[in-house]
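Laboratory data are not the source of any read-out in this text; all were calculated from the coordinates shown. Small disclaimer: the values here were computed from a predicted structure and weren't measured. Virtual Cβ from ideal backbone geometry, glycine too; neighbours counted across all protein chains shown.
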Amino acid sequence: MKKIFLAGLAILSMSTAAFAGPIDLPPDGGVYIKFNNFELADLGGILTGDAPTNSLVIPGGYDGTNTQGNWGVALIKTLDTGVPTAPHDDLDLDSPPIFADIFSGGQITAIFGGIQLTSLHTATGGWMDLWWHDSTGLGDPTNININLTAPTAASVAKLTTDNGGVFLARINFTPGVLGTASDGNDCTTTIFTQSVLNGTGVGVANSFADIDTTKVGAWTSTLNGDWFDNPCGARSDVRFKNSYELLNAGPWKGDYAAGGNIIGLRSDDPARAFTVPEPMTLGLLGMGLAGLGVRMRRRTNVN
């Protein structure tokens, strides 16, 4: 029986090894995501009470010629298991980590944009794309070592298609953060900020998000968990809470200090998600169990 068990483990191991690339998220459980990001925001029109200009274009043609009021780049530092603190409302950090930047055999990066600022505190639209960058040696920080530097054309390429980037998933920011129409809102605001866009750059922002199932990546189905209660409709897949500070130095900090409208920001952001079982994982488990069955039948026939 011990040989049969070991044979089954070997089958599972060989099947898993055949799929090199992004790490697998734990199925059917909470995920607490910690990332750092640098971004730009266009304050044009906001501080004077006029219509926001939303004039920023992502360099390198990542989003074509579309303009937005806010965009940036991010680097995932850790993924941890998350335990619910309130059913379908929030998750808290648990340990040990599922993933640690570089030392888990790769890096996870992000680019976000499409955000249309509508007032000093609100925005509509927005998306975030997640990318995996594989490593050739587990725990060797010299293989990739992507450093988060700036929201520039070089960073956009480095954090997405360069370095063997593999697309993981697109996350669309979803209305609901301010409640329903009965609360005095119209369910169009996707991001709500406090103090961030008043020129100080210090404050917090909150939002819900859903997985875009039309842009399929390695994590699309797993992250499509529909776990967080959203006041504006169906449950959402991801919940963000961002803490910001103004960047006063750097070649890309924006022109706000010189009388312009563009400010540079950085934030350290926790995000939460609740995963669903991955079909490929279930398939590999089935292959392993099938191997065990064949092995057991052969052993029975021999006896």
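Values computed for the structure shown
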| read-out | value |
| --- | --- |
| Potential extension, residue 53-residue 36 segment - 0.36 nm per residue separation minus Cα distance | 3.5 nm |
| Interchain or long-range residues, amide H under 5 Å from residue 123's placed H | 118, 190, 191 |
| Gain on full stretching of the segment that runs from residue 213 to residue 95 - 0.36 nm per residue minus C-alpha separation | 39.5 nm |
| Potential extension, residue 147-residue 195 segment - 0.36 nm per residue separation minus Cα distance | 14.4 nm |
| Fewest-first ranking of 25, 56, using other Cβ atoms within 10 Å as the exposure measure | 25, 56 |
| Sites residue 188 and residue 103 - FRET efficiency at Förster radius 51 Å, r taken between beta-carbons, to 0.05 | 0.75 |
| Order of 62, 32 under a 10 Å beta carbon neighbour criterion, fewest first | 62, 32 |
| Burial ranking of peptide ranges 106-119, 37-50 (average Cβ count within 10 Å, highest at the top) | 106-119, 37-50 |
